[in-house]
Amino acid sequence: MKKLVDVKGLCVDYITFDGRVRAVNDVSFHIGQGEILGLAGESGCGKSTVAFSLMRLHRPPALISEGEILFDGKDVLEMDDEELCDYRWKGASMVFQSAMNCLNPVKTIEYQFRDIFEAHNMVKSKQEAIEKAKSLLRIVDIPEERLFDYPHQFSGGMRQRVVIAMALALNPKLLIMDEPTTALDVVVQREILQKVYELKEQFGFSILFITHDLSLMVEFCDRIGIMYSGQLVELAPSKQILDIPHHPYAQGLGGSFPTLIGELQEMKGIPGTPLDLSNVPDGCRFAPRCTAVQDKCRKVEPKLFQLNDKRWAACHFPVNLTHAEQAIDAVVLED
Ligand SMILES: Nc1ncnc2c1ncn2[C@@H]1O[C@H](COP(=O)(O)OP(=O)(O)OP(=O)(O)O)[C@@H](O)[C@H]1O
Ligand SMILES: [Mg+2]
């Protein structure tokens, strides 16, 4: 699968009165063309910060201090204003975490669609913009006559669908969805994601999907990355990450939510609290909460390494390894 996005060693700092807080530390991953990659992890672990970096939307006090973000082979961090304008919406577009509040409350939906088309010189007349906007509304199952309504005249789920339609307005190659369906009931949530999936199949774009709902993520994504304290600690095909986790944190996450089928199991949760990013200890950031912690974990920071062609983990003592993976792990441990 050809890489559409290739993130290498991304570091993002927030400059605060108490100094620099590294919210994203040395994060590397790729998203293939047409692939859905999920990002999961506790609140505050840096998921939205990564998403904002991909769009290059950070403003002070945030600073991308290291790394490279290649989109179709072009470095997003090196783009000038003109290239960036072209990249946003056409290359990558984003449905924000608070998508429902993204719409301008005093402008009609029609005005807001038209604004996008005109800003990118995509239409020659107002009528053309209206026709394009209507067809986008039809795609997300909203009657086209609603185009002239104000955001408050829509239900929450409809507003969310309008935002998704806007994100698709310029046929992006990458759609970033940061908790797009949070605050919606499960039926509407499923309808929306089903729709997005159908559109992805139709248009072939890639998706970066961020959510706290792990079961939804497993169902919707091809691969999932698990973040902890600003770092990517595991990356695996979605069907494997909860059943055969390699990182103790991914294992803990898997034990923290109930399954609807199978035997009744006691949920275990993960002891302790997330790390204070302004005071990061030596070694592995998960060590204070890890049930399998060893001396080395408190001294040496584990790097994300590749265990096979589909799996990466950042742990000195990964669990559930196959024989082949154990052999690779042994080499890494010696280094
Ligand atoms: N403007 C800011 N100034 C200082 N720190 C910030 C700022 N914005 C975010 N942070 C910090 O960066 C870290 C990562 O935040 P981010 O919003 O990326 O987390 P998240 O994983 O998306 O969380 P959630 O699941 O709650 O949306 C957090 O510790 C947060 O406190
Ligand atoms: Mg977030």
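Here, each number is a calculation from the coordinates, and none is a lab measurement. A quick note: this is a predicted structure, and the numbers were derived from the prediction, not measured. All Cβ positions, glycine included, derive from the backbone under ideal geometry; neighbour counts span all protein chains shown.
Numbers below:
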quantity	calculated
Rel. contact order, % - alpha carbon contacts under 8 angstrom, at least six apart, region 226-334	30 percent
Efficiency of FRET from Cβ geometry, residue 266 and residue 72, R₀ 45 Å, rounded to 0.05	0.45
R0 of 45 Å, Cβ-Cβ distance residue 145-residue 80: FRET efficiency to nearest 0.05	0.65
Given 132/310; 126/173; 90/303; 47/132; 2/268, the pairs whose alpha carbons are separated by over 30 Å	132/310; 90/303; 47/132; 2/268
Computed magnitude of the charge dipole of the chain (debye, nearest 20; Cβ of K, R +1, Cβ of D, E -1)	360 debye
Of 105, 168, 121, farthest towards positive along the dipole that unit charges on Lys, Arg, Asp, Glu beta carbons give the chain	105
Ellipticity estimate at 222 nm from DSSP helix runs (n ≥ 4, -39,500 (n - 2.57)) divided over the chain, nearest 500	-9000 deg cm²/dmol
Model label zone, residue 153; criterion: amide N under 12 Å from point 7 Å along Cα-to-beta-carbon; scope region 98-119	107-111
HN-Hα J in Hz across region 3-8 - Karplus 6.51, -1.76, 1.60, θ = phi - 60°, x for Gly and Pro	6, 8, 10, 9, 9, 10
